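*Asks:* Before anything else, here's the structure in question.
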Amino acid sequence: MYFGAGGFGTAIALTHIQGLPLLVSVLIGFVSAVVLAIILSPIVVRVSGTAFAMLHLAFSQLMFVLVLKLRGITGGEDGVGGFPIPPFSIPGIISIDIMDPLKFYYFAIIVLGISILILWFFTKTPFGQIMVSIRDNPNRVNYMGFRVTLSKAVIYVVAGGFAGIAGSIYALFQNLISAEELSIMACFAPIMITMVGGVGSFFGPILGSGVFAFLEELTSRYTEHVELVQGLILILVILFMPMGLIGIFHIIKEKLFSKPSLQGTMESAS
Amino acid sequence: MTILETKGLYHDFSGLEVLFDVNLEVVEGERHAIIGPNGAGKTTLFNVITGTYKPSRGQVFFKGIDITGEKPFKLARIGMGRSFQITSTFHRLTTFQNLRMAVMSRLGIRFNFHRKVDKLQHVTDETDEVCGRINLDGERDIPAELLSYGKHRSLEASLAMAGDKELVMLDEPTAGMSRDETHFAVELIRRLTEDKTMVIIEHDMDVIFSLADRITVLHYGSILATGSPEEIKNNQDVKDAYLGDLEV
């Protein structure tokens, strides 16, 4: 939903405003997602777990239908496309035309890198510490004098904003954003990626999205039913790797670098 | 001076009366134990005082302020800390990170996004100091879930005590501990709650009589007796209802 908000924000801005700089258009995508998240957060963050997922999904579907119906603004099923893609420019320093896929690739990599850095830093701040504590035990956080609901709202808005940046970059790359990016499959993809990569870890979802992108490329050469393979992998991961793919790295790390564990001393004693 | 007071507190769970006209008075600086048989409503009383539940009737005063039904985070900010009967730490975070939350709570560091928490030297120093005081510096970087049972319980109680709260409410801090662990925990509680007010729920009579200045006996949701350990020991009602023939 915030992916879509970011995408439409950028696309609509570029369609209507002549000569809008690239970075400003991405910023507009970010802000559109943040505004939407601020509006919805008071309702959504009050619940957690499955209820949160369902409520979120319900709002996503509402947005999906809205985008389809508000033809005048969003172009309905056709979406917003064919808008001019401005060059990447810092006035007086450089100006690079990113219509070239390779240059766009570098542009996307830089935006991704900066986003990862900001979010990584975010988890390391005192607020980030409160964030992981809420993950472990929201109740205790409350009894220690921190506002759980408000903190969750902040996290929700930040997450929405960065999803908006992703949507914005996507819209720029495709030169098109349509309702399809808000469909139930599109909403479910990030959840699936997170579950396969590893819930509750920073690099898990990054790994997951890499694996999924690779899989999609690979399987689409042999079959049309890419979702079938993805679903199968999701089931396998849930059954056999509850910590996700990133869990493998943790296990390897523990095996290689851990100090002699209790198990180790028991083995040497016998 | 009274720091905590409940006036005519009632609470029921859909008709089942758990608290019945509870008038508790805790004096500033004392160590006050709440004892009573299982199901007497001790934890419910804690929950009503610390904001988990709103009482169905009655009022709670903390430092003279009416705090009836206030949210837990607000109570924590005005100086009330509590621990839990069922261990409730941040299980994936290390001992240090757990205690750092208590330190951050005390210093009021909340919505801070612009600095790395590791770079806040005073927070790190203070947390390390707390780690040392509770003898967990050997376990500083171990996730809470991997601590031994006794140490995990110590951490649980310390999360409430390390925040430098004026009133610390401990719910069975020594439950399930071995004799040695219990002895250590009692010393820990004694040290960390110095100059503070503490309310403690306990079953272990040794712990109660070695720690408490005053004792309140809760029985079927109402207060049976309040008094010094000596008075409680010799109270006939208490003997009949709870202590029985216990050698105390």
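The values are calculated or read from the model by the stated rules, or taken from the named source; none is laboratory data. Just so it is clear, the structure is predicted and the values come from calculations on it, not from any experiment. In this analysis, Cβ positions are derived from the backbone assuming ideal geometry, glycine residues included, and neighbour counts consider all displayed protein chains. Note: areas computed on protein heavy atoms with side chains; ligands, DNA, RNA excluded. Shrake-Rupley method; radii C 1.70, N 1.55, O 1.52, S 1.80 Å.
*Asks:* How well do other chains shield peptide B:104-113, expressed as the mean number of their Cβ atoms within 10 Å of each residue Cβ?
*Replies:* Values: counts 8, 6, 2, 1, 1, 6, 8, 9, 6, 9.
Across B:104-113, the average partner-chain Cβ count within 10 Å equals 6.
*Asks:* With unit charges on the beta carbon (Lys/Arg positive, Asp/Glu negative), name the residue among A:L112, A:P42, A:I93 whose Cα is farthest towards the positive pole of the charge dipole of the stretch A:39-118.
*Replies:* The Cα lying farthest towards the positive end belongs to A:P42.
*Asks:* What shape does the stretch A:1-84 have by the C-alpha gyration tensor, where a ≥ b ≥ c are the square roots of the eigenvalues, rounded means a/c under 1.5, and otherwise prolate means a/b greater than b/c and oblate the rest? Walk me through the numbers before you get to the answer.
*Replies:* Working: a/c = 3.30, a/b = 1.70, b/c = 1.94.
Here the stretch A:1-84 falls in the oblate category.
*Asks:* Output the pairs from B:K42/B:K71; B:K7/B:K239; B:K54/B:K239; A:K152/B:K165; B:K74/B:K119; B:K7/B:K42 with a Cα-Cα distance over 23 Å in this structure; if there are none, say none. Could you put the intermediate results ahead of the total?
*Replies:* Working: B:K42/B:K71 19 Å; B:K7/B:K239 26 Å; B:K54/B:K239 32 Å; A:K152/B:K165 25 Å; B:K74/B:K119 28 Å; B:K7/B:K42 16 Å.
In this structure, B:K7/B:K239; B:K54/B:K239; A:K152/B:K165; B:K74/B:K119 exceed 23 Å between Cα atoms.
*Asks:* Another one. Considering only protein heavy atoms and a probe of 1.4 Å, how much of the accessible area of the protein assembly as shown is carbon and sulfur, as a whole percent? Spell out each step's value before the answer.
*Replies:* Details: 16040 of 26150 Å².
Whole-percent figure for carbon plus sulfur exposure: 61.
*Asks:* A further question follows. Run the helix sum for the protein assembly as shown: -39,500 (n - 2.57) per DSSP H stretch of 4+ residues, divided by residue count, reported at 222 nm to the nearest 500 deg cm²/dmol. Before the final figure, lay out each step's value.
*Replies:* Numbers: 21 runs with 276 residues, N = 518.
Calculated mean residue ellipticity at 222 nm is -17000 deg cm²/dmol.
*Asks:* Given R₀ = 51 Å, FRET efficiency for B:F111-B:Q236 by Cβ-Cβ distance, to 0.05? Mind showing how you got there, number by number?
*Replies:* Values: r = 56 Å, r/R0 = 1.09.
Rounded to the nearest 0.05, the efficiency is 0.40.
*Asks:* Just how many % of Cα pairs in the stretch A:204-246 lie over 14 Å apart, if you round to the nearest whole percent? Intermediate results must be reported in sequence, preceding the final value.
*Replies:* On the way: 458 of 903 pairs.
Result: 51 percent of Cα pairs exceed 14 Å.
*Asks:* Please give the total accessible area that chains B and A bury against each other, computed with a 1.4 Å probe and expressed in Å² to the nearest 100.
*Replies:* Working: alone 12220 and 16760 Å², together 26150 Å².
Roughly 2800 Å².
*Asks:* Cα atoms only: what Rg and Dmax, in Å, come out for the stretch A:1-182?
*Replies:* 18.0, 54
*Asks:* Residue-wise, which Karplus ³J(HN,Hα) couplings in Hz belong to the stretch B:151-166, taking 6.51 cos²θ - 1.76 cosθ + 1.60, θ = phi - 60°, and x for glycine or proline?
*Replies:* Running phi through 6.51 cos²θ - 1.76 cosθ + 1.60 with θ = phi - 60° gives 5, 5, 5, 4, 4, 3, 5, 5, 4, 7, 8, 6, x, 6, 7, 5 Hz.
*Asks:* Any residues in the stretch A:134-172 that have 30 Å² or more less accessible area with all protein chains than in their chain alone, probe 1.4 Å, and which are they?
*Replies:* SASA drop of 30 Å² or more in the stretch A:134-172: A:R135, A:D136, A:N137, A:R140, A:N142, A:Y143, A:M144, A:G145, A:F146, A:R147.
*Asks:* Report the full-extension gain for the segment A:H250 to A:A58: residue separation times 0.36 nm, less the Cα-Cα distance, to one decimal in nm. Present the calculation step by step, with values, prior to reporting the outcome.
*Replies:* Working: separation 192, 0.36 × 192 = 69.12 nm, distance 3.50 nm.
Full-extension gain reported as 65.6 nm.
*Asks:* Then there's this: Once you average over the residues of B:114-126, how many Cβ atoms of partner chains fall within 10 Å of each Cβ? Let's see the in-between values first.
*Replies:* Working: counts 4, 5, 7, 8, 4, 2, 2, 0, 0, 2, 0, 0, 0.
Across B:114-126, the average partner-chain Cβ count within 10 Å equals 3.
*Asks:* Could I ask something else about it? How large is ³J(HN,Hα), in whole Hz, for each residue of the stretch A:222-227 in order, when computed from phi with the Karplus curve 6.51 cos²θ - 1.76 cosθ + 1.60 and θ = phi - 60°, using x for Gly and Pro?
*Replies:* Taking θ as phi minus 60°, the curve returns 9, 9, 7, 8, 4, 4 Hz for the stretch A:222-227.
*Asks:* For a protection proxy built on the mean count of beta-carbon atoms within 10 angstrom, sort A:77-85, A:178-186, A:212-220 highest first, please. Intermediate values should be presented prior to the final figure.
*Replies:* On the way: A:77-85: 15.7, A:178-186: 18.7, A:212-220: 13.2.
Listed from highest to lowest mean packing, they are A:178-186, A:77-85, A:212-220.
*Asks:* Can you list residues whose amide H is under 5 Å from B:T68's amide H, if they're 5+ apart or on another chain and H is modeled 1.01 Å from N?
*Replies:* Sorted by chain and number, the residues that satisfy this are B:V60.
*Asks:* May I have the convex hull volume per residue, in Å³, for the Cα set of the stretch B:63-203? The partial results should precede the final answer.
*Replies:* On the way: hull volume 17.2 nm³, N = 141.
Hull volume over Cα atoms, normalised by residue count, gives 122 Å³.
*Asks:* Taking amide H positions as placed in the peptide plane 1.01 Å from N, state which residues far from A:T125 in sequence (5 or more) or on other chains have amide H under 5 Å from it.
*Replies:* The answer is B:V117.
*Asks:* Size of the dipole of the protein assembly as shown about the Cα centre, Lys and Arg at +1 and Asp and Glu at -1 on the beta carbon, nothing else charged, in debye to 20? Walk me through the numbers on the way to the answer.
*Replies:* Details: 42 positive and 51 negative charges, 283 e Å.
Charge dipole, the protein assembly as shown, about its Cα centre: 1360 debye, nearest 20.
*Asks:* Given Cα positions, please report Rg to Rh for the protein assembly as shown, the hydrodynamic radius being the Kirkwood one.
*Replies:* Numbers: Rg = 28.4 Å, Rh = 26.6 Å.
Across the protein assembly as shown, the Cα-based Rg/Rh ratio is 1.07.
*Asks:* Still on this structure, I have one more. Quick one: which residues, 5+ away or cross-chain, put their amide H under 5 Å from the amide H of B:E28? H built at 1.01 Å from N.
*Replies:* B:T2, B:I3
*Asks:* Cα axis of helix B:179-192 to longest principal axis of chain B: angle in degrees, 0 to 90, nearest 10?
*Replies:* 80 degrees
*Asks:* Given points 7 Å out from each Cα along the Cα-Cβ axis, report the A:D78 to A:D100 separation in nanometres with one decimal.
*Replies:* 3.2 nm
*Asks:* For the stretch A:14-56 and the stretch B:84-155, compute the distance between their C-alpha centroids and round to whole Å.
*Replies:* That distance is 34 Å.
*Asks:* For B:83-91, what's the mean count of beta carbons from other chains sitting within 10 Å of each residue's beta carbon? Don't skip to the end; give the middle numbers.
*Replies:* Numbers: counts 2, 4, 0, 0, 0, 5, 4, 10, 2.
The per-residue average across the peptide is 3.
*Asks:* Moving on. Quick one: putting +1 on the C-beta of Lys and Arg, -1 on the C-beta of Asp and Glu, what dipole do you get for chain A around its Cα centre, in Debye to the nearest 20? Walk me through the numbers on the way to the answer.
*Replies:* Details: 13 positive and 13 negative charges, 202 e Å.
Using only the charged Cβ atoms, the result is roughly 980 debye.
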